[in-house]
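What follows is a single structure, written as structure tokens, with notes after it.
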Amino acid sequence: MSRYRTAGRFLLLCAIWGTAFMATDVGLADLPAVPFAAVRFDVAAALLFAAVLASGADIRPRTRDDYVYVLVGGALIIGAHHAFLFAGQRYVTGGVAAVLLGLVPVVTPALTRLVSTDEEFTAATALGVALGFVGVVVIADPDPANLADSVLGVALVLASALAFAVAAVVTHSRSPSMPFLSTQAWMMGVGAVVLHAAVLALPGQSFAAATWTPSALGAIAYLSVVAGAGGFLLYFTLLEDLGPIEMSFIEYVIPVFAALAGWLVLGQDVTTATVAGFAFILAGFVAAKWRALRRP
């Protein structure tokens with residue numbers, strides 16, 4: 001039964017972060033990308049700190065693992081990942097960015113093997129990662145010319161993928177002493193600070209260019225409360241249960257929900273390439289989890 005609960009929580013997180021792409025499309029119509037992300041995590045951090053204070057939980061980092069977990073997770077998963085991704089998407093299309101972020105499950109096992117012997121990387125896992133990556137490529141349907149002409153954008157999005165993978169591996173090996181809610185609140189706060197620094201450092205990213213329409217505010221509310229505070233709490237809970245290799249497969253399931261949400265809410269087409277990509281993704285999961293699926 002616990003296996004089914006874990007699978008259900010995994011799919012719920014995929015749905016939350018998949019629909020976040022639709023909410024982001026709505027918000028980006030009126031808001032610059034990096035300030036949009038910064039405000040999103042400002043609100044999420046404030047909500048989590050309020051919850052910590054209301055619960056009376058210990059809020060002070062005390063151990064080395066506390067500080068490493070908060071600083072690495074906040075600076076890389078929350079801050080650098082989103083700053084590099086949004087900056088990179090100034091130079092490459094969203095389809096190319098999606099393909100490059102599909103490298104997270106390819107990079108994560110290699111990084112995990114460098115720092116830990118607890119994670120098993122079998123031939124079945126490798127096949128699953130390969131098939132899933134093919135599925136992401138088919139769905140994105142990238143134009144190779146964009147890769148050649150946009151070296152800077154590619155480098156920034158690759159940095160985004162690497163930041164996420166490194167943080168997933170490093171935080172998985174730490175055991176913070178703070179309560180879980182306090183740890184996540186600090187991570188959101190650190191990430192928000194990093195994003196505000198990126199606003200100052202990146203050209204063309206200014207709060208003065210933002211138009212605070214009702215749709216933009218609604219997008220911020222969804223991304224902050226549901227995808228931000230709720231989504232990352234769920235992500236790190238699952239990371240403890242599954243480990244960084246299995247959690248990296250989330251990059252292959254999120255596009256399914258993103259496509260469905262875009263089709264239902266924004267009228268975006270679901271193409272034949274998208275359907276074919278979904279088939280590769282499903283085949284990748286079956287290959288990677290074949291032994292578990294064969295068990296009663």
Fill in: Difference of contour (0.36 nm per residue) and Cα-Cα distance, residue 5 to residue 234
81.2 nm
Fill in: Overall Cα dimensions of region 177-275 - principal axes, largest extent first, Å
48, 42, 25
Response to the item:
For 209-219, 36-46, 22-32, 231-241, ranked highest to lowest by mean beta-carbon neighbours within 10 Å, the order is 36-46, 22-32, 231-241, 209-219
Worksheet, complete the sentence: In whole angstrom, the spacing between the Cα centers of region 178-199 and region 265-286 equals 33 Å
Worksheet item: In nm, to one decimal, how far is the residue 62 label point from the residue 177 one, both placed 7 Å along Cα→Cβ?
Response: 0.5 nm
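Order of 134, 34, 265 from fewest to most other C-beta atoms within 10 Å?
265, 134, 34
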Practice prompt. Would you mind computing, in nm to one decimal, how far apart the modelled labels at residue 55 and residue 197 are, each placed 7 Å from Cα along Cα→Cβ?
Written response: 2.8 nm
Worksheet item: Considering only the other residues whose Cβ falls under 13 Å of the Cβ of residue 220, what net charge follows from Lys and Arg at +1 and Asp and Glu at -1?
Response: -1
Practice prompt. Take each of the peptides 187-195, 278-286, 68-76, average the number of other beta-carbon atoms within 10 Å over its residues, and list them starting from the highest.
Written response: 187-195, 68-76, 278-286
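Bear in mind these aren't lab numbers, they're just calculated from the coordinates by the rules spelled out. Predicted model only: the values in this text are computed from it and were never measured. No Cβ is skipped: glycine too gets one built from the backbone with ideal geometry, and neighbour counts run over all protein chains shown.
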